[in-house]
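Here's the structure we're looking at; comments come further down.
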Amino acid sequence: MKASELLRLGFPDGPVIAMARAAAGTARMAGKSRHEVKSLLGSILADPQAFVNDPLFGKVATSLAQSGAARPAKRKHREYELGTLDYGRAEPLDYAVWGEDIDPQAHQQMRNACALPISVKGALMPDAHVGYGLPIGGVLATNNAVIPYAVGVDIACRMMMTVFDLPPERLNEQSDRFRRILEEQTRFGVGSEWKPRRQHPVMDEDWRITPVTARLKDLAWSQLGTSGSGNHFAEFGEFMLDKPLGHLPPGRYLALLSHSGSRGTGNKIATHYSKWAMSKHRKMPSSLRHLAWLDLDEDGREYWAAMELMGRYASANHHIIHRQVVAAVGEPPALQVENHHNFAWKEQHDGREVIVHRKGATPAARGVLGIIPGSMATPAFLVEGLGDPRSLSSASHGAGRRMSRGEASRTFRWPQVKAFLAERGVRLLSAGLDEAPWAYKDIEAVMAAQHDLVHPLAQFMPRLVRMSRSGEPPED
């Protein structure tokens, strides 16, 4: 970053500028985006004491704290009105936390979110890591307002599982057949599409509900039934059930698991309304700008309509994938389960209606089924929610990243990844090196940390995995 940018951000002129530029450069080399670094520097400037132990920015934070150059904390807050809004609070909300292996910067992002005048309650899941605005794994309840970046860039990203009444050994017995099924019945990556286009009732809905969705309908239709890049996947594996689930008896079954979202359409909608929200809050501190919100009595209604349409569109993508794979396998589903994350819901908590944002968090109301994946070499879990009010009835949406995509790509090599997968009986058809299993936290530890949020019902172990090929940028 240039010195002039740091000065505009609020850094005092002097030696700390050089320290901040050096730390920012190191962070960029470690894989953090320019926006992430700038947002982090704003957070350090607002509260340097919280970052004095940070391995990259500790010296910068210590210098600011010792010099007294940090921005003074706001002491008074009033009900927000555009043009007169004070973005601080007298006392930030506390938030509940599950798990210990969480990046301090994710905690800072959660503290920022809980300092908003619209915030009502927050929670941080054990898979949490840094995102834009709200951290991935962050849950935030607000008062009649929606934060586009607290929903996420890949709106309504979701999981879906189909279990077949077939033995998992069928994958080894007919390995080439199941490989062809995945390769022929799925599409991955930026710009991927089906020709001819797939059909689904979601495309018969009124896409004119907002000007943005109206102009994006053709793009959405072209990508209908496809998957994105990054951590999106479709995989066959072994489903292990210890107790009866509905009409399905205990046993080992062949199953299909998929993870994807609302594709380029959802990304463009998120970008449009995030910029719109930020334009409504120009006086917002730079450390909070990705937490800009829209009032649901005003502008937020348009975003809400687009978000809910993306929820149905993302579900349609999965149903087309599973419909095609089921037809190719030639066996009817014995069980199907789906859930989405990266969404906002109107829910009742603590006796009032609130807007619950789950950015990379799984709905876990009592009795609700959900799917929590690990990595390409570790189990996914079919779970039943326990409805813990402290977490706003939420749980993690996966294992969670323990290193950035850039760091993973620089650290690991394909020979070691392939050897590791072979030891675990996993065949990888395609993926990026940034999805190497070690880039993720230990899913067993994550599940143990949230034993009071969900009850595991079954495990799914990947055996045949397809993801977007190397070199493509992630979508979420």
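The values are calculated or read from the model by the stated rules, or taken from the named source; none is laboratory data. Everything numeric in this text was worked out from a predicted model, so none of it was measured. Note: ideal-geometry Cβ built from the backbone for every residue, glycine included; neighbour counts use all protein chains shown.
Out of the residues in the stretch 420-476 meeting the condition of being charged (D, E, K, R) and in contact with a helix residue (DSSP H, G or I) (Cβ under 8 Å, 6 or more places away or on another chain), tell me which one is modelled with the lowest pLDDT.
So the residue we want is 475.
Can you go through 117, 104 and tell me which one is at pLDDT below 95, surrounded by fewer than 21 Cβ atoms within 10 Å (Cβ to Cβ) and either assigned by TED's automatic domain parsing to the domain that holds residue 291 or out of contact with any His (no Cβ under 9 Å at 6 or more places or on another chain) (or both)? Please lay out each step first, then the result.
Numbers: 117 fails: either assigned by TED's automatic domain parsing to the domain that holds residue 291 or out of contact with any His (no Cβ under 9 Å at 6 or more places or on another chain) (or both).
Just a single option satisfies the conditions, and that option is 104.
Name the residues in the stretch 247-296 that are of a type in the set (A, V, I, L, M) and assigned to a loop (DSSP other than H, G, I, E, B), would you? Step through it out loud before you land on a result.
First pass over the stretch 247-296, keeping only residues of a type in the set (A, V, I, L, M): 248, 254-257, 269-270, 277-278, 284, 288, 291-292, 294, 296.
Answer for the stretch 247-296, where residues must be of a type in the set (A, V, I, L, M) and assigned to a loop (DSSP other than H, G, I, E, B): 284, 292, 296.
Which of the residues that make up the stretch 48-89 are surrounded by 14 or more Cβ atoms within 10 Å (Cβ to Cβ), over 15 Å from residue 20 (Cβ atoms) and at pLDDT 75 or above?
50
Just to be sure I understand the filter: pairs with C-beta atoms under 6 Å, separated by 6 or more residues or on different chains, first member in the stretch 161-178 and closer than 26 Å to residue 372 by Cβ and touching a residue at least 12 places away in the same chain (Cβ under 8 Å), second member polar (S, T, N, Q) and surrounded by fewer than 16 Cβ atoms within 10 Å (Cβ to Cβ). Which pairs pass?
Going by the 6 Å Cβ cut-off, the qualifying pairs are 162/336.
Search the stretch 14-29 for residues that are closer than 15 Å to residue 48 by Cα and pair each with any residue that is aromatic (Phe, Trp, Tyr) when their beta-carbon atoms are under 8 Å apart and the residues are at least 6 apart or on different chains.
Pairs found: 17/11; 20/11; 20/57; 23/57.
Kindly indicate which of 283, 275 is more than 26 Å from residue 317 (Cα to Cα), in contact (Cβ under 8 Å) with a residue 24 or more places away in the chain and assigned by TED's automatic domain parsing to the domain that holds residue 457.
Details: 275 fails: in contact (Cβ under 8 Å) with a residue 24 or more places away in the chain.
Just a single option satisfies the conditions, and that option is 283.
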